[in-house]
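Only one structure is covered here, and it is reproduced in the block below.
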């Protein structure tokens, strides 16, 4: 777990591959991330075919904490190798801007993709998306990681509709010898609509709380990217769920 390293840079060296910036060409900005731009570009490595990649950049003037958070996500991602988890090609840390280079997912985030294609898929295709997410999450839990922020916005979709788990900004490794593999946090934001009630109440996250979030993702998929609990406030969601309220089946749910 990168968080157990005194020097997070050591975790980056251990779990990621350094890419020389001269092998990367940035072509266009495709979005904004927490730390800077997300771009589409090309990776040309000696002895390998040129490939299209996504490039997250760290904005100029970022704080040292931003830099460490940014690279910690890369050192988490660098430990994963699964067809339903976003693949890290490498990082650029020896020149500016600092970059995280991953495989490129042509259809972007699952929530926006579904909203833009409302009603266009068969139930078999929708179930295929759910299966992909479940498979990626099973792999993460077997690796001892709790995601903590599983939601359709953090799933990416490629040109053949394969869904891959992404966005490891909140992920943590849980020690297998701790009580029931729980990660307890003291502060920070919680994505309330996707988070299990016990995780909200006690800030205790486990693979079981990821399963709750997965249930909400299933609802998002079948509803083509509707907002869970619609326009309720976060406080209303927390109160209702604690009293036993659950999301109703979306329209046309089989």
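Every number here is computed from the coordinates shown, using simple stated rules; none is lab data. These numbers were taken from a predicted model, which means no experiment stands behind them. Cβ sites come from the backbone with ideal geometry, for glycine too, and all protein chains shown count toward neighbours.
Viscosity 0.890 mPa s, temperature 25 °C: give me the Stokes-Einstein translational D for the stretch 106-170 in µm²/s, with Rh taken as the Kirkwood radius over C-alpha pairs. Calculated translational D: 201 µm²/s. Quotient of the Cα radius of gyration of the chain and 2.2 N^0.38 Å, N being its number of residues: 1.03.
Note: the stretch 8-103, Cα convex hull, 101 Å³ per residue.
Each of 224, 245 has some number of other Cβ atoms within 10 Å of its Cβ, and from fewest to most they run 245, 224.
Would you mind getting me the FRET efficiency between residue 30 and residue 63? Use the beta-carbon distance for r and R0 = 25 Å, nearest 0.05.
Details: r = 25 Å, r/R0 = 0.99.
With a Förster radius of 25 Å, E is 0.50.
Going from the residue with the fewest nearby Cβ atoms within 10 Å to the one with the most, 189, 40 rank 189, 40. With a Förster radius of 41 Å applied to the beta-carbon distance between residue 231 and residue 106, the computed FRET efficiency rounds to 0.85.
Annotation for residue 81 and residue 160: the two label points, set 7 Å from Cα along the Cα-Cβ direction, are 1.9 nm apart. By how many degrees, between 0 and 90 and to the nearest 10, does the Cα long axis of helix 123-142 differ from the longest principal axis of the chain? Orientation of helix 123-142: about 70 degrees from the principal axis.
On the principal axes of its alpha carbon atoms, the stretch 108-243 extends 43, 35, 22 Å, with the longest extent given first.
Using a Gaussian network model of the chain in which every pair of alpha carbons under 10 angstrom is joined by a spring, one finds that among 222, 85, 29 the greatest mean-square fluctuation is at 29. When peptides 14-22, 228-236 are sorted by average Cβ neighbour count within 10 Å, with the highest value leading, the order is 14-22, 228-236. Rounded to the nearest 10 degrees, the angle from helix 64-77 to the longest Cα principal axis of the chain is 80 degrees.
Taking neighbour counts of Cβ atoms within 10 Å as a proxy for exposure, in what order, fewest first, do 35, 121 appear?
With the sparsest Cβ surroundings first, the list reads 121, 35.
Grab the DSSP H runs of the chain that are 4 residues or longer, score each as -39,500 (n - 2.57), total them, divide by all residues and round the 222 nm result to the nearest 500 deg cm²/dmol. That calculation yields -9500 deg cm²/dmol at 222 nm.
Between 0 and 90 degrees, the angle of helix 207-222 with respect to the longest Cα principal axis of the chain falls at about 80 degrees. Highest average first, the peptides 149-157, 137-145 ordered by how many other beta carbon atoms sit within 10 Å of their residues are 149-157, 137-145.
For the stretch 108-243, the relative contact order comes to 29 percent (Cα pairs under 8 Å, sequence separation of at least 6). Rounded to the nearest 0.05, the FRET efficiency derived from the C-beta distance between residue 117 and residue 40 at R0 = 22 Å is 0.60.
Normalising the average separation of contacting C-alpha pairs (under 8 angstrom, six or more residues apart) by the number of residues puts the relative contact order of the chain at 15 percent.
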